[in-house]
Amino acid sequence: MSPAEDALLLLAIVRRHLRSLGLTLDPAYPDEDWGFTAQQAVEKLLKAWIVLADRRPPRVHDLEDLFALAGQQLDPLLLELQVFAVEARYEQGPFPLPAPRQELLALVEAELERCERIVAALGESDA
């Protein structure tokens, strides 16, 4: 598969995570669970950027490490979701989200759209 095709597979997972995030905007839904799904979406986005650079993403879940490898700009609020990868799943909280859910969701959606534009441009150049 081409890097664009590999990235599309990761972006499909991001879209699934975004649907889950959109359905769980109710504040009664635990921040820890919402944050975990958001962290997973950001992780997959960063891995898509790595794939687009024709590199194999490592099997790590640390957003800072993936961010460094991806070589892309990313809103710092999204990197603050890292605590939801492990700590918020295994330790007693509270673990507040770094920003309101709507704001974080909009940031992830914008990053997805940016990545999808690059994938589409690569597809056009291959045609």
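The values are calculated or read from the model by the stated rules, or taken from the named source; none is laboratory data. The structure displayed is predicted, hence computed values, not measured ones. Here Cβ is always computed from backbone atoms with ideal geometry, including for glycine, and neighbour counts include all displayed protein chains. Surface areas here come from the heavy atoms of the whole protein model, side chains and all, with no ligands, DNA or RNA. Shrake-Rupley method; radii C 1.70, N 1.55, O 1.52, S 1.80 Å.
Run lengths n ≥ 4 of DSSP H only: what is the helix-derived mean residue ellipticity at 222 nm for the chain, with -39500 (n - 2.57) per run over all residues, to the nearest 500?
Values: 6 runs with 85 residues, N = 127.
Only helices count here, giving -21500 deg cm²/dmol.
With the full set of protein chains in place, find how many percent of the accessible area of segment 4-127 is carbon and sulfur; take the probe as 1.4 Å.
Details: 3730 of 6890 Å².
Reported share for carbon and sulfur atoms: 54 percent.
So with the 1.4 Å probe, I'd like the accessible area per residue for the chain, rounded to whole Å².
Numbers: 7120 Å² over 127 residues.
Normalised by residue count, the accessible surface of the chain is 56 Å².
Which whole-angstrom value gives the distance between the alpha carbon centres of segment 1-56 and segment 67-127?
If you average the Cα positions of each part, the centres end up 7 Å apart.
Would you mind calculating the relative contact order of segment 1-120 from Cα pairs under 8 angstrom and at least 6 residues apart, reporting the percent as a whole number? Don't skip to the end; give the middle numbers.
On the way: 135 pairs, mean separation 41.0, N = 120.
Computed value for segment 1-120: 34 percent relative contact order.
Which order do peptides 31-39, 96-104 fall in by mean Cβ count within 10 Å, highest first? Present the calculation step by step, with values, prior to reporting the outcome.
Details: 31-39: 20.7, 96-104: 15.7.
Averaged packing, sorted descending, gives the order 31-39, 96-104.
Calculate the FRET efficiency for residue 68 and residue 25 from the Cβ-Cβ distance with a Förster distance of 30 Å, rounded to the nearest 0.05. Each step should come with its number before you reach the end.
Working: r = 31 Å, r/R0 = 1.03.
Efficiency, from the Cβ-Cβ distance: 0.45.
Would you check the accessible area of residue 13, probe 1.4 Å, heavy atoms only, in square angstrom rounded to 10?
Ignoring ligands and nucleic acids, residue 13 comes out at about 50 Å².
In whole Hz, with x marking every Gly and Pro, tabulate ³J(HN,Hα) for segment 90-105 from phi via Karplus 6.51 cos²θ - 1.76 cosθ + 1.60, θ = phi - 60°.
Each residue of segment 90-105 in turn: 10, 10, 6, x, x, 10, x, 5, x, 6, x, 4, 4, 5, 5, 4 Hz.
With θ set to phi - 60° and the Karplus curve 6.51 cos²θ - 1.76 cosθ + 1.60, what are the ³J(HN,Hα) couplings of segment 72-87 in order, to the nearest whole Hz, using x for Gly and Pro?
Rounded to whole hertz, the list is 10, 7, 8, 4, x, 4, 5, 5, 5, 6, 4, 4, 7, 5, 9, 3.
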